[in-house]
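The values are calculated or read from the model by the stated rules, or taken from the named source; none is laboratory data. In this text, all values refer to a predicted model and were calculated from it rather than measured experimentally. Note that we place each Cβ from the backbone using ideal geometry, even for glycine, and neighbour counts take in every protein chain shown. To get the accessible areas, we keep the full protein, side chains included, count just its heavy atoms, and leave off ligands, DNA and RNA. Shrake-Rupley method; radii C 1.70, N 1.55, O 1.52, S 1.80 Å.
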Amino acid sequence: MTVTPDEIKMIRPEKSSAIKIKEFVPRFEIDSLYFGSHYFLGVDKKQDNKAFFLLRNALRECGKIAIGTFTMREKEYTCAIEAYKSGLLLTSLNYLDELRDIEELAVTEPEVSRMN
């Protein structure tokens, strides 16, 4: 079966600068192994930024991070958003199947004696 360029266009996510927040979780629930690229989020100086600061302050006070999705370069990513200094830090999240299993690197561990 051949996929046409029109069919590819139909499945591309819509271009948007919005970040859709799905849920809030404690920071410690996500293993840092899943963290990908980091991006700073700031405010648009021409807009009303009350919602931005409300979200940042709520995340900081509750000790939680927001899990959501965003679109970049015609691809949708899952992300974590947390309070960071004067703004927010967005971190793309990797899925388990995108990570290499550490057991693939396993070798027989030698016996190691304690130093006195």
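Take the conditions at pLDDT below 95 and within 12 Å of the chain's Cα centre (by Cα) and apply them to I11. Does it pass? In short, no.
Of the residues contained in segment 63-74, none is found to be open to solvent by 60 Å² or more (accessible area, probe 1.4 Å) and either closer than 27 Å to I102 by Cβ or hydrophobic (A, V, I, L, M, F, W, C) (or both).
Out of all the residues in segment 82-116, which are of a type in the set (G, A, S) and either loosely packed, with under 10 Cβ neighbours inside 10 Å or touching a Lys or Arg at 6+ places or on another chain (Cβ under 9 Å) (or both)? Result: A83, S86, G87, A106, S113. Within segment 58-73, residues that are on the phi > 0 side of the Ramachandran plot reach partners that are open to solvent by 50 Å² or more (accessible area, probe 1.4 Å) and in a helix (DSSP H, G or I) with beta carbons closer than 8 Å, at six or more positions or on different chains, in the pairs G63/R27.
Residue pairs whose Cβ atoms lie under 6 Å apart, separated by 6 or more positions or on different chains, with the first residue in segment 86-102 and farther than 11 Å from L33 by Cβ and the second part of a loop (DSSP other than H, G, I, E, B) and not hydroxyl-bearing (S, T, Y), are G87/G42.
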